[in-house]
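Please read the structure below before turning to the comments.
The values are calculated or read from the model by the stated rules, or taken from the named source; none is laboratory data. Please read these numbers as outputs of a predicted model, since none were measured by experiment. Note: ideal-geometry Cβ built from the backbone for every residue, glycine included; neighbour counts use all protein chains shown.
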């Protein structure tokens with residue numbers, strides 16, 4: 001909750017790419033500003049200075065603190081104004097209490113300002129992120145986009161290989177992220193070209209990129225050729241597409257490697273890095289995501305609040321006297337939930353994590369359900385680690401209850 005006792009004017013901003021709409025209200029509800037505001041520092045600074053000089057302390061409230069809302073918040077801070085955020089979902093629920101159904105910038109700005117004035121408990125504070133967090137957030141966001149692109153290209157590539165030569169796809173499909181496989185596909189884009197290249201040439205290309213598996217890889221490829229003698233229609237067209245897709249996938253994966261190196265450097269610079277990575281399963285990318293969205297966990301009163309924010313708290317499904325049990329929540333921060341889920345999966349080598357996972361499997365839960373339970377349990381541990389500034393202490397499996 002944001003303390004607004006010393007605020008004289010509430011400026012709600014419905015932010016946009018080119019311009020925002022701003023509505024300012026006094027504590028009594030009188031509108032003292034209601035205009036479009038260009039996304040320009042001089043224009044915004046002039047308005048803020050005028051409101052401050054005429055009315056006193058100004059609280060600037062936005063519904064999108066990141067991306068297009070970053071500049072207004074930076075200008076507001078520099079101008080000596082206070083800042084806060086009205087979360088988008090909360091804003092939409094509050095909007096139902098106001099007359100009118102149209103989605104208009106002016107209406108939304110007025111709702112944000114009035115909600116800040118009358119319901120300050122709905123506001124969230126916006127901490128000024130340090131340079132490390134700001135850079136991490138930008139790079140991790142781009143890395144997430146690249147991960148999605150890599151998945152899309154890989155699926156397309158596997159689909160083509162399945163269409164023209166299923167046996168070859170079974171060999172190469174699960175290894176598409178390996179440089180040797182991509183090099184072979186980029187150079188020889190069809191089964192016929194791979195066969196024509198011959199064993200020696202394939203070995204020479206694969207050897208420097210896969211020194212420990214190049215012989216097995218080439219043998220598997222040659223064996224797959226013996227399983228299919230017919231040529232499927234569309235094979236010639238696929239031969240033009242496969243090298244392009246393989247090259248695109250290689251470029252995306254190379255970009256991710258560069259980003260991972262930078263993410264690791266930034267993570268190492270942060271004081272919470274060693275605490276986060278001391279927990280089994282938390283690596284470079286998952287640690288960065290937790291650092292961005294959770295920080296030192298001071299924004300969450302309890303571990304349960306953090307679990308709810310991450311979408312790991314189970315939701316009860318009931319109607320009247322009928323209770324249908326608990327199901328995984330569909331709400332919460334999906335990126336953070338995915339990070340916790342992946343970290344839980346990666347932690348199965350830890351005896352305590354494995355014992356808890358096996359316990360849930362023994363209770364009849366499926367693999368995904370057991371991992372979600374493990375992720376929820378690990379949130380409690382991580383919250384305590386961040387709260388107390390302590391490192392993870394491995395416990396024997398017998399201590400897990």
Query raised in the report: Which condition number in (1) more than 14 Å from residue 13 (Cα to Cα); (2) under 23 Å from the mean Cα position of the chain (by Cα) is the one that residue 86 fails?
Result: (1)
Requested in this report: Select the helices (runs of 4 or more DSSP H) contained entirely in the stretch 74-181, then report the ones holding at least 2 residues which are under 30 Å from residue 227 (Cβ atoms).
Outcome: 131-164, 166-172
Report summary line: By residue number, the members of the stretch 274-305 that are surrounded by 19 or more Cβ atoms within 10 Å (Cβ to Cβ) and over 17 Å from residue 342 (Cα atoms) are 275, 297, 300, 303
Report task. Kindly indicate whether residue 346 is modelled with pLDDT of 95 or more, surrounded by fewer than 19 Cβ atoms within 10 Å (Cβ to Cβ) and within 29 Å of residue 142 (Cβ to Cβ). Result -> yes
Report task. Filter the stretch 1-35 for residues that are over 17 Å from residue 118 (Cβ atoms) and in contact with a strand residue (DSSP E or B) (Cβ under 6 Å, 6 or more places away or on another chain) and give the result. Result -> 13, 14, 15, 19, 20, 21, 22, 33, 34
Query raised in the report: Which residues, taken from the stretch 104-117, are out of contact with any helix residue (DSSP H, G or I) (no Cβ under 9 Å at 6 or more places or on another chain) and free of Cβ contacts under 8 Å to residues at least 24 places away in the same chain?
Result: 104
**Report entry** Criterion violated by residue 197 - all others in (1) in a helix (DSSP H, G or I); (2) modelled with pLDDT under 95; (3) surrounded by fewer than 16 Cβ atoms within 10 Å (Cβ to Cβ) satisfied
**Finding:** (3)
Query raised in the report: Taking the condition out of contact with any helix residue (DSSP H, G or I) (no Cβ under 8 Å at 6 or more places or on another chain) and at pLDDT below 95, does residue 258 pass?
Result: no
Query raised in the report: residue 295 versus (1) modelled with pLDDT of 95 or more; (2) under 20 Å from the mean Cα position of the chain (by Cα): which is the lone unmet condition?
Result: (1)
Report summary line: Of the residues in the stretch 17-35 that are under 24 Å from residue 124 (Cβ atoms) and part of a loop (DSSP other than H, G, I, E, B), the one that is nearest to the chain's Cα centre (by Cα) is 17
Query raised in the report: Any chance the stretch 45-60 includes a residue that's within 30 Å of the chain's Cα centre (by Cα) and either under 14 Å from residue 110 (Cα atoms) or buried (at least 19 other Cβ atoms within 10 Å of the Cβ) (or both)?
Result: yes
Query raised in the report: Of the residues 27, 77, 93, which is surrounded by 14 or more Cβ atoms within 10 Å (Cβ to Cβ) and under 29 Å from residue 333 (Cβ atoms)?
Result: 77
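Residues are listed down the side, and each one gets a yes or a no for (1) more than 22 Å from the chain's Cα centre (by Cα); (2) in contact (Cβ under 8 Å) with a residue 40 or more places away in the chain; (3) part of a loop (DSSP other than H, G, I, E, B); (4) under 28 Å from residue 125 (Cα atoms):
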{"position": "204", "(1), (2), (3), (4)": "yes, no, no, no"}
{"position": "219", "(1), (2), (3), (4)": "yes, no, no, no"}
{"position": "229", "(1), (2), (3), (4)": "yes, no, yes, no"}
{"position": "239", "(1), (2), (3), (4)": "yes, yes, no, no"}
{"position": "246", "(1), (2), (3), (4)": "yes, yes, no, no"}
{"position": "253", "(1), (2), (3), (4)": "no, yes, no, no"}
{"position": "259", "(1), (2), (3), (4)": "no, yes, no, no"}
{"position": "275", "(1), (2), (3), (4)": "no, yes, no, yes"}
Query raised in the report: If you go through the stretch 36-56 one residue at a time, do you hit one that is assigned to a strand (DSSP E or B), touching a strand residue (DSSP E or B) at 6+ places or on another chain (Cβ under 8 Å) and under 19 Å from residue 120 (Cβ atoms)?
Result: no
Report task. List every residue pair whose Cβ atoms lie under 6 Å apart, where the two residues are 6 or more positions apart in sequence or sit on different chains, the first residue falls within the stretch 346-364 and is more than 20 Å from residue 392 (Cβ to Cβ), and the second residue, located anywhere, is in a helix (DSSP H, G or I). Result -> 360/370; 360/373; 361/370
